[in-house]
1. For n ≥ 4 DSSP H runs only, could you compute -39500 (n - 2.57) per run for the chain, divide by its residues and tell me the 222 nm figure to the nearest 500?
2. Relative contact order of the chain, please, whole-number percent, based on alpha carbon pairs below 8 angstrom and at least 6 residues apart.
3. Would you mind pulling out the separation of the Cα centroids of region 163-208 and region 121-147, in Å?
4. Could you give the dipole magnitude of region 1-148 about its Cα centre, charging the beta-carbon of Lys and Arg +1 and that of Asp and Glu -1, in debye to the nearest 20?
5. Once you charge only the Cβ atoms, +1 for Lys and Arg and -1 for Asp and Glu, what is the size of the charge dipole of the chain about its Cα centre, to the nearest 20 debye?
6. In region 86-157, which GluC sites (Glu not before Pro) are in a loop and have at most 11 other Cβ atoms within 10 Å, using DSSP for the loop call?
7. Please name which of Ile45, Ser173, Tyr29 has its Cα lying farthest along the dipole of the chain towards the positive end, using unit charges on Cβ (Lys, Arg +1; Asp, Glu -1) and the Cα centre as origin.
8. Restricting things to alpha carbons, find the Rg to Rh ratio for region 164-251 using the Kirkwood radius for Rh.
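Values quoted throughout were computed directly from the atomic coordinates according to the rules given, and no laboratory measurement underlies them. Keep in mind it's a predicted model, so treat the numbers as computed, not measured. Note: ideal-geometry Cβ built from the backbone for every residue, glycine included; neighbour counts use all protein chains shown.
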Amino acid sequence: MRRRLAAGNWKMNGRLADLDQLAKIASAYPDPACDMLLCLPATLIHTAAARLSDTSVMVGAQDCHCAASGAHTGDISAVQLADAGARAVIVGHSERRADHSETNGTVCAKALAAHGAGLTAVICLGETLAERDAGRTLDVIGAQLAASVPEAAGAENTVIAYEPVWAIGSGRSATSDQIAQVHAFLRAGLVERFGTQTGTAIRLLYGGSVKPDNATEIFAIPEVDGALVGGASLTADDFCPILAALAAAQD
Ligand code: 13P
């Protein structure tokens, strides 16, 4: 059985003082029924990882370079993230694909770098509104899955997050039917490519306007193993009810 995962993505938000929110989350869930991961800005990772080392909250990053070191001004490698205390890194978020022209090939190389550094790669994929309106959702997702996920991916080092671009930060989550369709498609694709054992063990998250008031409905959808949460992961008041909904779904 897959252990559920509540992951937060703080994006370009948060300063040292905001780490108090993580301490609150950790103390509210000393022994959670699901895994908890907060992907923080790089500036906060080391401090957060040190502060949370005795808790069940894992700290992650939001991007990494595909090389381990070298002349890449301003970039950070997966090795450095692991050294700072990160346990996971998001790769291929749609904001990076759009703002930094990241291709599926780049995303795959970053996921490989994450694996090489001992990090879990949270590989994001999702269609734009134009692609959905054109009836191309599953084509796009299928192509992203094929080319963004490394050949040697396994459940121990890879999580897939389905994040429809139009649902991110819009307050408009995908419907249960839309999520169910894509997650069933992803599960079938993973089983076809990696075999039943690995294909059924890799966790699938949904992301895009997950909030306390829609979390229970989303977590009841088959093949949804948790969420990748943006805005509602920034405060304990918003994130804790989402964790509670996920823990309840586990029972
Ligand atoms: P929101 O939850 O703010 O829509 O963001 C989702 C997201 O992009 C998480 O990676």
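1. Mean residue ellipticity at 222 nm (helix-derived): -13000 deg cm²/dmol.
2. On the way: 506 pairs, mean separation 53.5, N = 251.
In percent, rounded to a whole number, it is 21.
3. Each part reduced to its Cα centre gives a spacing of 10 Å.
4. Working: 13 positive and 15 negative charges, 51 e Å.
The dipole magnitude comes to about 240 debye.
5. Details: 18 positive and 27 negative charges, 38 e Å.
The dipole magnitude comes to about 180 debye.
6. On the way: sites: Glu95, Glu102, Glu127, Glu131, Glu151, Glu156; in loops: Glu102, Glu127, Glu151, Glu156.
Sites meeting the loop and neighbour criteria: Glu151, Glu156.
7. Sorting the options by dipole projection puts first Ile45.
8. Details: Rg = 13.3 Å, Rh = 13.4 Å.
Rg divided by Rh gives 0.99.
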